[in-house]
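First up is the structure itself, then whatever we jot down about it.
The values are calculated or read from the model by the stated rules, or taken from the named source; none is laboratory data. Owing to the predicted nature of the structure, the values given are computational and were not obtained by experimental measurement. Every residue, glycine as well, gets a Cβ built from its backbone with ideal geometry; the counts of neighbours run over all protein chains shown. These area figures cover heavy atoms from the full protein model, side chains too; ligands, DNA and RNA do not enter into them. Shrake-Rupley method; radii C 1.70, N 1.55, O 1.52, S 1.80 Å.
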Amino acid sequence: MKGLNRLTTAVKEEELFTIVDHGTVTSPEGFEAGGFHAGLKRKRKDLGWILSEVPAVSAGVFTTNTFQAPPLKVTQDSLVGGTLQGVVVNSGNANAFTGKKGLEDAYEMRRQFAKVMNLKQSETAVTSTGVIGEYLPMEAITKGIAEIPTYQGTTSGKEFAEAIVTTDKVTKELAVTCKIDGKEVTIGGAAKGSGMIKPNMATMLSFITTDAAVEKTALQTALNDITNRTYNMITVDGETSTNDMVLLMANGKAENLPLYEKHPDWSTFIAALDYVSEELAKMIAKDGEGATKLVEVHVDGAESKEGASAIAKSVVGSNLVKTAIHGSDANWGRIVCAIGYSGEKVDEESLSISIGPIKVVDKGVTTAFSEEDAQQYLKSDTIHIYVDLNKGKEKAVAWGCDLSYDYVRINASYRT
């Protein structure tokens, strides 16, 4: 049945790399990280950092929201030189839609962190996440940054992952190792995201570190491609934030020959990087505000990759599909509806749909199925929806979650 090919591929890919126990952004050689409570939130950790022993070739992808927050502009400014050595992150305040003062505060945050950590400002990134439209509490930021050296060595990637979350229920982190030029290369990642999540990223931050040596242009190309396959294929609530970014830092401490598209081990590196990004994306989708189920929509048989992606996103983003899944209702007509308004041309007589192992439409013809079996399947923690257009060879996968009563409760009182 549809989906088995995906599982087989995943197994083959995992033979190229090994998952690190309790892996995080500090698993690669030459990276440190940490986090602690600096006073931006009432109790939880709210200030974190990543530091590389040496400047790291770096790449970034940023939100498509028209109102890009000042920290993103500062980080893009730093990336002009192609390398980063440090990243400072605060949660609890997005420093978004804050005008000239917000931009000045973001640059000041960069200046202070660079000074305390003895870095070049041009190799320092700044990130913020939290409430939009409020100025940063610079007194708390300044005091917190000054205290970072006292936490070095006593906090780690685990604390960093805790410091960057907002409404997340769980932290999101992992790492893998692979062989490049006969040397062990590690890729680690940490992310945050729970609400305001839509394809084209979301209130989503992802930080990926690797000790591989990678050429700058190849690194940016790889990140662009992988972001389109992973982070840009998740949705929780159809909202695109002002602060989303993915940063990838490669410091070369593994001492492999620099990777580029024609390197013999390029495909191994890409498979490992893709796995880290996909797993982080799925963790974000599963941790959607109020969510109880992870939803995976698999689209196959499309004439174009873009068409497959558009349909997968349309289905996984449908509020009616999401609420039906929350209620364990096999209302497959809502899936058909979402496919129909995806903007892609679909031949009704070729369309097949399955909810998990239960086929509900077979080449345009509705099938008899057990409502009881479907309801039982929809009570699972992970729900797979398979759409086969039977028109081509292209495919795509999108991830999301159900839409529950708790989503309204959480977002109705986000500031109060």
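When the test is whether a residue is small (Gly, Ala, Ser), in a loop (DSSP other than H, G, I, E, B), open to solvent by less than 40 Å² (accessible area, probe 1.4 Å) and at negative phi, ALA291 passes it.
Of all residue pairs spaced 6 or more apart or on separate chains, those with beta-carbon atoms under 9 Å, a first member in the stretch 139-150 that is under 15 Å from GLY86 (Cα atoms) and a second member that is open to solvent by 60 Å² or more (accessible area, probe 1.4 Å) are ILE145/LYS115. On the stretch given as the stretch 303-317, residues that are open to solvent by less than 10 Å² (accessible area, probe 1.4 Å) and more than 16 Å from VAL361 (Cβ to Cβ) total 4. Screening the stretch 133-154 for residues that are assigned to a loop (DSSP other than H, G, I, E, B) and more than 16 Å from ASN90 (Cα to Cα) and picking the one that is most open to solvent (accessible area, probe 1.4 Å) gives THR154.
Pairs are defined by a Cβ separation below 8 Å, a sequence spacing of at least 6 or placement on different chains, a first member in the stretch 92-120 that is farther than 14 Å from LYS143 by Cα and open to solvent by 60 Å² or more (accessible area, probe 1.4 Å), and a second member that is outside any helix (DSSP H, G or I) and among the hydroxyl-bearing types (Ser, Thr, Tyr); the pairs so defined are PHE97/THR242; LYS101/TYR135.
Here are the criteria: (1) in a strand (DSSP E or B); (2) over 22 Å from HIS22 (Cα atoms); (3) at pLDDT 95 or above; (4) not β-branched (Val, Ile, Thr). Tell me which single one SER122 does not satisfy. All conditions pass for SER122, except number (1). Of everything listed in (1) within 27 Å of the chain's Cα centre (by Cα); (2) open to solvent by 10 Å² or more (accessible area, probe 1.4 Å), the single unmet condition for ILE385 is (2). For the stretch 37-82, the set of residues classified as hydroxyl-bearing (Ser, Thr, Tyr) and either under 15 Å from ALA94 (Cα atoms) or open to solvent by 10 Å² or more (accessible area, probe 1.4 Å) (or both) consists of THR63, THR64, THR66, THR75, listed by residue number. If only residues of the stretch 85-118 that are of a type in the set (A, V, I, L, M) and in contact with a Gly (Cβ under 9 Å, 6 or more places away or on another chain) are counted, the one that is farthest from GLY133 (Cα to Cα) is MET117. The number of residues in the stretch 358-381 being in a strand (DSSP E or B) and open to solvent by 50 Å² or more (accessible area, probe 1.4 Å) comes to 4. Would you call ASN319 among the polar types (S, T, N, Q), closer than 21 Å to THR235 by Cβ and without any contact (Cβ under 8 Å) to a residue 12 or more places away in the chain? In short, no. Residues satisfying the criterion are absent from the stretch 229-240 (criterion: modelled with pLDDT of 95 or more and open to solvent by 30 Å² or more (accessible area, probe 1.4 Å)).
Residues that are open to solvent by 40 Å² or more (accessible area, probe 1.4 Å) and without any contact (Cβ under 8 Å) to a residue 12 or more places away in the chain do not occur anywhere in the stretch 269-284.
Out of LEU223, LEU219, LEU257, one residue alone is modelled with pLDDT of 95 or more and either crowded, with 24+ Cβ neighbours inside 10 Å or charged (D, E, K, R) (or both). It is LEU219. Candidates are the residues of the stretch 29-45 that are farther than 15 Å from ALA190 by Cβ and either touching a His at 6+ places or on another chain (Cβ under 9 Å) or part of a strand (DSSP E or B) (or both); the one that is modelled with the lowest pLDDT is LYS43.
Looking only at the stretch 326-357, which residues are open to solvent by less than 50 Å² (accessible area, probe 1.4 Å), closer than 17 Å to VAL299 by Cβ and not in a loop (DSSP other than H, G, I, E, B)? Of everything in the stretch 326-357, those that are open to solvent by less than 50 Å² (accessible area, probe 1.4 Å), closer than 17 Å to VAL299 by Cβ and not in a loop (DSSP other than H, G, I, E, B) turn out to be ILE335, ALA338, ILE339, SER350, SER352, ILE353, SER354, ILE355.
Taking the criterion of being charged (D, E, K, R) and either at pLDDT 95 or above or buried (at least 24 other Cβ atoms within 10 Å of the Cβ) (or both), the residues of the stretch 162-207 that qualify are GLU162, LYS172, GLU173, LYS179, ASP181, LYS183, GLU184, LYS192.
So for the stretch 71-94 (the condition being hydrophobic (A, V, I, L, M, F, W, C), at pLDDT 95 or above, assigned to a loop (DSSP other than H, G, I, E, B) and out of contact with any helix residue (DSSP H, G or I) (no Cβ under 7 Å at 6 or more places or on another chain)), does at least one residue qualify? So far as the stretch 71-94 goes, yes, one or more of its residues are hydrophobic (A, V, I, L, M, F, W, C), at pLDDT 95 or above, assigned to a loop (DSSP other than H, G, I, E, B) and out of contact with any helix residue (DSSP H, G or I) (no Cβ under 7 Å at 6 or more places or on another chain).
Checked against the criterion of being open to solvent by less than 10 Å² (accessible area, probe 1.4 Å), within 17 Å of SER78 (Cβ to Cβ) and hydrophobic (A, V, I, L, M, F, W, C), the stretch 125-132 has at least one qualifying residue.
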